[in-house]
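The values are calculated or read from the model by the stated rules, or taken from the named source; none is laboratory data. Remember, predicted model here, so these are calculated numbers, not experimental data. Counting neighbours? That spans all protein chains shown, and the Cβs are built from the backbone with ideal geometry, glycine included. Note: accessible area is taken over every heavy atom of the protein model, side chains too, but ligands, DNA and RNA are not part of it. Shrake-Rupley method; radii C 1.70, N 1.55, O 1.52, S 1.80 Å.
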Amino acid sequence: METKDLLKKVRKIEIKTRRLSDHIFSGEYHTSFKGRGMTFSEVRQYQYGDDIRAIDWNVTARYNEAHVKVFEEERELTMILMVDISGSESFGTKNQLKSEIVTEIAATMAFSATQNNDKIGLILFSDQIELYIPPKKGKSHVLRIIRELIEFQPKSNKSDLSQALKFLSGTQKKKAIVFVISDFIVEDDYEKTLKIASKKHDLTGIRVYDIREEKMPNIGMVEMEDAETGEILVVNTGSKKARMSYEKHYHEKVNYFKDIFSKCGSGFVNTRVDESYVTKLLSYFKSR
């Protein structure tokens, strides 16, 4: 993509997602994710009405006068966007590809975090870590993230969520707000790594999918290419058994996503490319 076209596309996404984050998401994001961590601020003399559970008994014994610990809400947080850029994200049968919706969602989340003066980091993954941008503040940083989401070309078309979650746990030592954006049609078992990451971070999975992925159409003998492996298969879509097998495999992956995220105490959102992701995300934020 030429620089001029890239800048035009970045600007278009910025205008759309910035408006959403300014007027809709920033307040909901703040309410949903702020105030979950408390940091020690100071010790002061006990005042009438203070919670007795906050009394610092060591300081009280030293001065022979009641003192309490004061905590402050953590104001500055870190958001990590983990984005699946494997081959299956290039699929789309409606107005947009899955990858385009993924970019919009990530940009909206990033601008919402910027409104609250939070740091934003990016992990692009396939079956390896394709790109890591450490957390940083500022509009120019967000625009860089959007540029990478638009034009980055992965080395691999396969996907491995476990590897990405291991990388997250290894690089982010402090608690972060993490959004994993993917179609979650991955072959690896990621329960163990998700459980470890969820204990440390506030983690949400956002599944972006296309309606045509749910069922195989009956259109006779068709050559199909696996977007992640490149394997070409001749499939008899007229076979009821083949269609049912495909549908069963697809729903197994979707149910695994929902079950494992719930089991690990993480949130999840499902949004179709032809639906409003704004409505889905707002509903999720309010439910928290």
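Restricting segment 37-58 to residues that are surrounded by 10 or more Cβ atoms within 10 Å (Cβ to Cβ), of a type in the set (D, E, K, R) and in a loop (DSSP other than H, G, I, E, B), the residue that is modelled with the lowest pLDDT is Asp50. When restricted to residues that are within 21 Å of Gly87 (Cβ to Cβ) and either outside any loop (DSSP other than H, G, I, E, B) or among the charged types (D, E, K, R) (or both), segment 148-173 contains 13. Cβ-Cβ distance below 6 Å, separation of 6 or more or different chains: which pairs start in segment 13-24 with a residue that is closer than 15 Å to Glu100 by Cβ and end on one that is at pLDDT 75 or above and among the hydrophobic types (A, V, I, L, M, F, W, C)? Hits for this filter: Ile13/Ala107; Ile13/Ile146; Thr17/Ala107; Thr17/Phe111. Among the residues of segment 15-30, are any at pLDDT 80 or above, loosely packed, with under 12 Cβ neighbours inside 10 Å and in a loop (DSSP other than H, G, I, E, B)? Looking through segment 15-30, none of the residues is at pLDDT 80 or above, loosely packed, with under 12 Cβ neighbours inside 10 Å and in a loop (DSSP other than H, G, I, E, B). Only residues that are open to solvent by 20 Å² or more (accessible area, probe 1.4 Å) and modelled with pLDDT of 85 or more were counted in segment 61-91, giving 10.
Annotation note: of Lys136, Lys166, Lys155, Lys173, the sole residue that is more than 16 Å from the chain's Cα centre (by Cα), of a type in the set (Lys, Arg) and over 14 Å from Met79 (Cα atoms) is Lys155.
Scanning segment 264-280 turns up one or more residues that are touching a helix residue (DSSP H, G or I) at 6+ places or on another chain (Cβ under 8 Å), more than 24 Å from Ile101 (Cα to Cα) and in contact (Cβ under 8 Å) with a residue 24 or more places away in the chain. Among the residues examined, Lys192 qualifies as open to solvent by 30 Å² or more (accessible area, probe 1.4 Å), under 15 Å from Phe261 (Cβ atoms) and at pLDDT 95 or above.
Taking Glu252, is it exposed (fewer than 12 other Cβ atoms within 10 Å of the Cβ) and within 18 Å of Ser159 (Cβ to Cβ)? Against the criterion (exposed (fewer than 12 other Cβ atoms within 10 Å of the Cβ) and within 18 Å of Ser159 (Cβ to Cβ)), Glu252 qualifies. Among residues of segment 112-124 that are in a helix (DSSP H, G or I), those with a Cβ under 6 angstrom from a residue that is open to solvent by 10 Å² or more (accessible area, probe 1.4 Å), sequence gap 6+ or separate chain, pair up as Ser112/Ser26; Gln115/Ser26.
Could you tell me whether segment 202-219 includes any residue that is aliphatic (A, V, I, L, M), over 22 Å from Tyr277 (Cα atoms) and either within 16 Å of the chain's Cα centre (by Cα) or open to solvent by less than 20 Å² (accessible area, probe 1.4 Å) (or both)? Walk me through how you get there before you give the answer.
Taking segment 202-219 and keeping what is aliphatic (A, V, I, L, M), we get 203, 206, 208, 211, 216, 219.
Within this subset, residues satisfying the condition of being over 22 Å from Tyr277 (Cα atoms) are 216, 219.
Okay, now just the ones that are also either within 16 Å of the chain's Cα centre (by Cα) or open to solvent by less than 20 Å² (accessible area, probe 1.4 Å) (or both), so none.
No, segment 202-219 has no match at all.
Do we find that Ser266 is under 17 Å from Val180 (Cβ atoms), among the hydroxyl-bearing types (Ser, Thr, Tyr), under 21 Å from the mean Cα position of the chain (by Cα) and open to solvent by less than 30 Å² (accessible area, probe 1.4 Å) in this structure? Show your work before the answer.
Numbers: under 17 Å from Val180 (Cβ atoms): yes; among the hydroxyl-bearing types (Ser, Thr, Tyr): yes; under 21 Å from the mean Cα position of the chain (by Cα): yes; open to solvent by less than 30 Å² (accessible area, probe 1.4 Å): yes.
Taking the combined requirement at face value, the residue satisfies it.
Here Ile260 meets the list (1) more than 18 Å from Ile80 (Cβ to Cβ); (2) part of a strand (DSSP E or B); (3) open to solvent by less than 40 Å² (accessible area, probe 1.4 Å) almost entirely, failing just condition (2).
For segment 230-239, the criterion of a residue being on the phi < 0 side of the Ramachandran plot, of a type in the set (Asp, Glu) and modelled with pLDDT under 90 is satisfied by at least one position.
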